Amino acid sequence: MLNRIGRSSMPKKRKPENKGLPARWSIRRKKYYYQVPPGREADWDSKKLFPLGTTLSAAYEEWAKRLGSLDKAHTVNQLLDRYALEVIPKKAAATQNGDLRHIKKIREVFGEMRLAAILPTHIYKYFDRRSKKTENKNGKTVGGATSARLEVAFFSHVYTKAVQWGYIHKHPFKNEVRLEGAKPRDRYVEDWEIVECLTLPSMRKKGSVKAIQAYIKIKLLTGLDQSDLLRIEMSDLKEDGLHNLRHKTKKKTGKQTIYEWTDELRAAVNEAMAARPVLSKFLFCNKRGQGYINEARGTSSGWDSMWQRFMDRVLEETEIKKRFTSHDLRAKAASDAQNLEHARALLAHADSKITNRIYRRKPEKVRPVR
């Protein structure tokens with residue numbers, strides 16, 4: 001349909017780089033902007049085009065400050081807007097970044113749909129399409145079943161909040177969609193492989209190799225997650241043991257775990273302290289005395305690079321032929337624990353089911369009947 005001046009009244013098609021962003025958002029020269037509605041300039045520093053930030057998370061944070069809460073939502077886009085404003089900021093930095101990526105993908109497909117229009121068949125079709133790995137414009141492989149499963153799980157939680165907020169009366173696809181589950185990782189690190197890693201020679205008395213070897217020892221004794229282990233501060237080392245408040249769940253439970261001192265744990269912690277390049281409040285630190293966790297992003301790129309270099313040497317200089325991850329060491333600690341309950345307590349899990357399904361990987365030995 002044409003209006004009086006002969007132009008189409010249909011909304012202008014969004015540029016590819018702006019797809020998946022909230023309404024009136026755009027990317028210009030690697031920066032996010034908000035097109036201020038006419039008459040609302042006073043709320044946005046008298047600007048018609050307001051700069052939000054250079055990263056997606058920063059842009060959402062600034063937008064939330066200016067916009068306030070959303071009381072009504074009729075479309076998926078509007079629901080995602082409120083979720084981004086009220087729910088995501090309460091999560092850990094790494095989780096926030098992942099959720100914002102999920103939002104962008106979901107907006108591209110479901111954004112304009114009415115909340116009540118989503119059906120289980122839409123979710124199945126979305127999962128099938130996103131499960132196929134593709135190559136983006138930078139030549140990087142994207143998508144896959146794991147990514148698709150995470151996006152669907154996230155979308156399901158968004159709809160759970162829609163029910164809570166009174167937008168809809170019933171979740172349209174919870175318990176209605178059955179996706180094929182991913183097979184849990186089964187890499188079990190053998191004891192001899194640990195010996196090989198711990199005897200890898202270091203060229204220096206301090207530095208990355210010594211630090212990682214101490215890290216491996218503490219990891220196998222406690223089962224601590226990498227994000228928790230790299231956040232250990234000297235003040236966490238108390239008379240009764242190593243105190244840890246799991247970062248992933250501290251906002252939910254606030255429950256602390258105390259790993260009681262043993263001779264082996266004390267020795268491993270002392271090795272970690274001796275491996276530090278400088279004095280620091282952190283047990284594991286870089287040359288500037290800073291911890292390896294980037295709290296703003298929830299990443300640990302410096303440590304991850306060290307770990308990759310260490311594993312490259314392990315594969316080149318030892319009998320180990322298959323790479324393993326820091327997470328595999330957490331699973332080894334759980335697998336080698338006295339029993340399932342001990343493993344659950346080590347990993348600070350609320351429920352032993354996930355401990356058993358994901359982390360207890362040691363092959364079970366069974367005596368023959370005869």
For this session: Take the stretch 354-370 and flag every residue that is within 15 Å of LYS183 (Cα to Cα) and either of a type in the set (Asp, Glu) or free of Cβ contacts under 8 Å to residues at least 12 places away in the same chain (or both).
Result: ILE354
Exercise. With ILE88, ILE123 as the choices, which residue is out of contact with any Gly (no Cβ under 8 Å at 6 or more places or on another chain), surrounded by 15 or more Cβ atoms within 10 Å (Cβ to Cβ), more than 20 Å from ARG24 (Cα to Cα) and at pLDDT below 90?
Worked result: ILE88
Problem set entry | Which listed residue is more than 30 Å from CYS285 (Cα to Cα) and among the acidic types (Asp, Glu), from ASP351, ASP328 | ASP351
Seminar exercise, completed: Of the listed residues (GLY111, GLY98), the one being in the same structural domain as THR160 (by TED's automatic domain parsing) and over 17 Å from ALA162 (Cα atoms) is GLY98
Exercise. Can you name every residue in the stretch 244-259 that is free of Cβ contacts under 8 Å to residues at least 60 places away in the same chain and part of a loop (DSSP other than H, G, I, E, B)?
Worked result: LYS250, LYS252, GLY254
Exercise. What residue, among those in the stretch 252-276 that are among the acidic types (Asp, Glu) and surrounded by fewer than 12 Cβ atoms within 10 Å (Cβ to Cβ), is nearest to LYS206 (Cα to Cα)?
Worked result: ASP263
Problem set entry | Unmet criterion (only one of (1) surrounded by fewer than 16 Cβ atoms within 10 Å (Cβ to Cβ); (2) in contact with a helix residue (DSSP H, G or I) (Cβ under 9 Å, 6 or more places away or on another chain); (3) under 20 Å from GLN96 (Cβ atoms)) for THR160 | (2)
For this session: Could you please let me know if LYS206 is buried (at least 17 other Cβ atoms within 10 Å of the Cβ), in contact (Cβ under 8 Å) with a residue 24 or more places away in the chain, within 30 Å of ILE258 (Cα to Cα) and more than 18 Å from the chain's Cα centre (by Cα)?
Result: no
Problem set entry | Flag if ARG66 is among the charged types (D, E, K, R), touching a helix residue (DSSP H, G or I) at 6+ places or on another chain (Cβ under 8 Å), surrounded by fewer than 16 Cβ atoms within 10 Å (Cβ to Cβ) and not in a loop (DSSP other than H, G, I, E, B) | yes
For this session: Identify all residues within the stretch 191-203 that are outside any helix (DSSP H, G or I) and either touching a strand residue (DSSP E or B) at 6+ places or on another chain (Cβ under 9 Å) or surrounded by 13 or more Cβ atoms within 10 Å (Cβ to Cβ) (or both); write none if there are none.
Result: LEU200, SER202
For this session: Could you tell me whether the stretch 116-132 includes any residue that is more than 20 Å from ALA73 (Cβ to Cβ), under 19 Å from the mean Cα position of the chain (by Cα), in a helix (DSSP H, G or I) and among the small types (Gly, Ala, Ser)?
Result: no
Exercise. Considering only residues of the stretch 327-344 that are surrounded by fewer than 21 Cβ atoms within 10 Å (Cβ to Cβ) and more than 22 Å from the chain's Cα centre (by Cα), which is nearest to GLU260 (Cα to Cα)?
Worked result: HIS342
Problem set entry | Positions within the stretch 276-302 being at pLDDT 95 or above and not in a loop (DSSP other than H, G, I, E, B), in sequence order | PHE282
Problem set entry | Restricting the stretch 169-187 to residues that are surrounded by 12 or more Cβ atoms within 10 Å (Cβ to Cβ) and either basic (Lys, Arg) or in the same structural domain as ASP128 (by TED's automatic domain parsing) (or both), the residue that is modelled with the lowest pLDDT | ARG185
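Being touching a residue at least 24 places away in the same chain (Cβ under 8 Å) and either within 14 Å of ARG130 (Cα to Cα) or in a helix (DSSP H, G or I) (or both) is the filter here, so list the residues in the stretch 102-115 that pass it.
HIS102, ILE103, LYS104, LYS105, ILE106, ARG107, GLU108, PHE110, LEU115 - these are the residues of the stretch 102-115 that are touching a residue at least 24 places away in the same chain (Cβ under 8 Å) and either within 14 Å of ARG130 (Cα to Cα) or in a helix (DSSP H, G or I) (or both).
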For this session: Quick one: count up the residues across the stretch 28-50 that are surrounded by 15 or more Cβ atoms within 10 Å (Cβ to Cβ) and either small (Gly, Ala, Ser) or in a strand (DSSP E or B) (or both).
Result: 4
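The values are calculated or read from the model by the stated rules, or taken from the named source; none is laboratory data. Bear in mind the structure is a predicted one, so any value in this text is a computation, not a measurement. Because the Cβ atoms are built from the backbone with ideal geometry, glycine has one as well, and the counts that use them run over all protein chains shown.
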